[in-house]
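Here is the structure we will look at, set down as structure tokens.
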Amino acid sequence: MLTIENLHAGYDKTEVLHGISIDVPKGKVVTLIGSNGAGKTTTMRAVSGMIRPRSGRVTLGGKEITGQDSFRIARAGLAHSPEGRRVFPTLSVADNIRLGAFPRYTRSRKRGDIDADLDKAMEMFPRLIERRDQLAGTLSGGEQQMLAIARALMLNPEVVLLDEPSMGLAPILVEEVFNIIRRLKGEGITMLLVEQFAAAALDVADYGYVLENGRIAVHGSADKLKNDPAVRAAYLGGSH
Amino acid sequence: MEILIQLIFSGIALGMIYAVIAFGYQLTFATSATLNFGQGEALMLGALVGLSFAGNVLGGPYLNFWMMIPLVMVFGALQGALVEFIGVRPAIKIKSEFGWIMSTIALAIIFKNVAENIWGKDDLKFPSPVSEAPLHFLGANVLPMEIIIVVGALAMMLAVEIFNRKSIYGKAVVATSNDRDAAGLMGINTRLVITFSYALSSMTAAFAGVLIAPVTLTGATMGSVLGLKAFAVAIIGGLTSGIGVIVGGLILGIAETTTGFYISTGYKDVPGLVLLLLVLAVKPAGLFGKTAIKKV
Ligand SMILES: Nc1ncnc2c1ncn2[C@@H]1O[C@H](COP(=O)(O)OP(=O)(O)OP(=O)(O)O)[C@@H](O)[C@H]1O
Ligand SMILES: [Mg+2]
């Protein structure tokens, strides 16, 4: 569904990604693991068009999207819940969620039943229901994170990129976020997931990629990575 | 007392014009953190184009005042989009911090020169669409056109506000103002949103131009001072507050008419500038400016 081939990307003069390749098959969850500064967020940004890759190829459902503007990539069906949530602080919760469906409202993407999806998103995150009309900027960090995920899903996307959906959340909420990811996977949603909780990410994922200094060090099925001694030592706390 | 009421009425009409131009500054500042320093010239062009349709300067009149307004607004929108396209977009693209200042000022000078060549350097009389006999109210005289100015300016600002709050396109504009990158991820063409905000901003100014033209003189130089005063109002009220520009506009408008009468017309521009300096010293975000609610 989403393929990344030999991607090079970075900022101004520094190159962060030195040719990485990742394959996200339809209906599967792929997780990208790596230490701070490895380039996980940069990968997601280069895929969704927030930054322009220097070279390489990105395709979505067989169509090339390399270097296109982010709004075109979104209209093509790629949703990206970015690092740091980035909800729209002066808009209400409901308006934030609606904007996730913007290309559907404007029919640059198949419309479907937006209101039904809105209800479904609300039902998936019940604590957003009572805060429907509250400004997103006044939500707690955890609530903002749920809003960011709900907003991304409103695109009715072919692929969802989730960049650290559990960042800064209390343990109980981290659990909740992983339950939601599991539920989305059950619905057949294709996902590329970046998580600091590598063990939990590998538990939900089908495949994993380990990113080290802008290069893919190891990749394979989630089970294979979970049992890889080097991966265990570096990312899974070395034990169990 | 009656004189004071009279001065306040005139000040309100003038202040609402400042407010609506200042509102135009806010529109582009919100989406792109840039300003069109040619707002005054957009107003001037709107007035002169309107005069050409509804007055007798270029072989007209071709239309009555009310029919002319939509055409002037379309013209203003196109003119604003042009300014964005040739003056601002390139500067934003190369992330030039000051490029847009120079280019919008340069375009303003060009527009003024073009206007002088088409309509001449002399001030022209803009025919009033309503009776020029004043109405009497609380012992003071109010021109019917002044009432139209106040109502028209408020209606314009209200219309934009409703559009932003109710329509999905308006929400896309607000989203772009909040976080341009995140708005892009929602499938919003944020470059187009910025062009749109320039179009809307110049459209507002052009509309203000035809509102004010019947009560002042119309000519190529009419916009410069208005644009500058409205800029002061935008700073005084705050570049992010809709209420701020209305209050700021009224304060400045009334301060000017009263100073002009009680002190000297020669000093009528002073209170605005003093107020501007005071606000910059005491509350640089403007009287009503606030820092955005943002949790990280
Ligand atoms: N906007 C930016 N401008 C310049 N350099 C950046 C920018 N964003 C990230 N970098 C640099 O790129 C490198 C990779 O950063 P990136 O955010 O992709 O890492 P990450 O794997 O997501 O890390 P983390 O786990 O901390 O989120 C880092 O060295 C970082 O300093
Ligand atoms: Mg990151």
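One table, with the values for the structure above:
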read-out	value
From the options B:Val150, B:Val142, B:Val193, residue that is touching a residue at least 12 places away in the same chain (Cβ under 8 Å), over 16 Å from the mean Cα position of the chain (by Cα) and either open to solvent by 30 Å² or more (accessible area, probe 1.4 Å) or within 14 Å of chain A (Cβ to nearest Cβ) (or both)	B:Val193
Failed criterion for A:Pro89 (all others in (1) part of a loop (DSSP other than H, G, I, E, B); (2) more than 8 Å from every other protein chain (Cβ to nearest Cβ); (3) not small (Gly, Ala, Ser) hold)	(2)
Residues of segment A:120-139 classified as open to solvent by 10 Å² or more (accessible area, probe 1.4 Å), of a type outside the set (Lys, Arg) and at pLDDT 90 or above, total	6
Lone unmet requirement of (1) of a type outside the set (Asp, Glu); (2) in contact with a strand residue (DSSP E or B) (Cβ under 7 Å, 6 or more places away or on another chain); (3) within 16 Å of ligand 1 (Cβ to nearest atom) for A:Gly168	(2)
Qualifying residue in segment A:96-116 (condition: within 20 Å of A:Asp163 (Cβ to Cβ) and more than 7 Å from chain B (Cβ to nearest Cβ))	yes
Tabulated pairs, segment A:23-41, first closer than 9 Å to A:Met191 by Cα and without any contact (Cβ under 8 Å) to a residue 40 or more places away in the chain, second more than 7 Å from ligand 1 (Cβ to nearest atom) and open to solvent by less than 20 Å² (accessible area, probe 1.4 Å), C-beta under 9 angstrom, 6+ apart or interchain	none
Residues of segment A:15-37 satisfying the condition of being within 12 Å of ligand 1 (Cβ to nearest atom) and out of contact with any Lys or Arg (no Cβ under 9 Å at 6 or more places or on another chain)	A:Val16, A:Ser35, A:Asn36, A:Gly37
Spans of helices (runs of 4 or more DSSP H) in segment B:37-139 with at least 2 residues crowded, with 17+ Cβ neighbours inside 10 Å, out of contact with any Lys or Arg (no Cβ under 9 Å at 6 or more places or on another chain) and among the hydroxyl-bearing types (Ser, Thr, Tyr)	B:99-119
Selection within segment A:44-64 - within 14 Å of ligand 1 (Cβ to nearest atom) and either under 11 Å from the mean Cα position of the chain (by Cα) or more than 24 Å from B:Ala182 (Cβ to Cβ) (or both)	A:Met44, A:Arg45, A:Val47, A:Ser48
Strands (runs of 3 or more DSSP E) completely within segment A:159-218 that count 1 or more residues being open to solvent by 30 Å² or more (accessible area, probe 1.4 Å)	A:207-212
Positions within segment A:125-181 being of a type in the set (S, T, N, Q) and under 17 Å from the mean Cα position of the chain (by Cα), in sequence order	A:Gln144, A:Gln145, A:Asn156, A:Ser166, A:Asn179
Wholly enclosed strands (runs of 3 or more DSSP E) of segment A:1-76 bearing at least 1 residues within 16 Å of ligand 2 (Cβ to nearest atom), within 14 Å of chain B (Cβ to nearest Cβ) and open to solvent by 20 Å² or more (accessible area, probe 1.4 Å)	A:2-11
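The values are calculated or read from the model by the stated rules, or taken from the named source; none is laboratory data. What you are looking at is a predicted structure, and each value in this text was computed from that prediction instead of being measured. When we count neighbours, we look across all protein chains shown, and the Cβ atoms used for this are built from the backbone with ideal geometry, even at glycine. Side chains included, ligands, DNA and RNA excluded: accessible areas come from the protein's heavy atoms. Shrake-Rupley method; radii C 1.70, N 1.55, O 1.52, S 1.80 Å.
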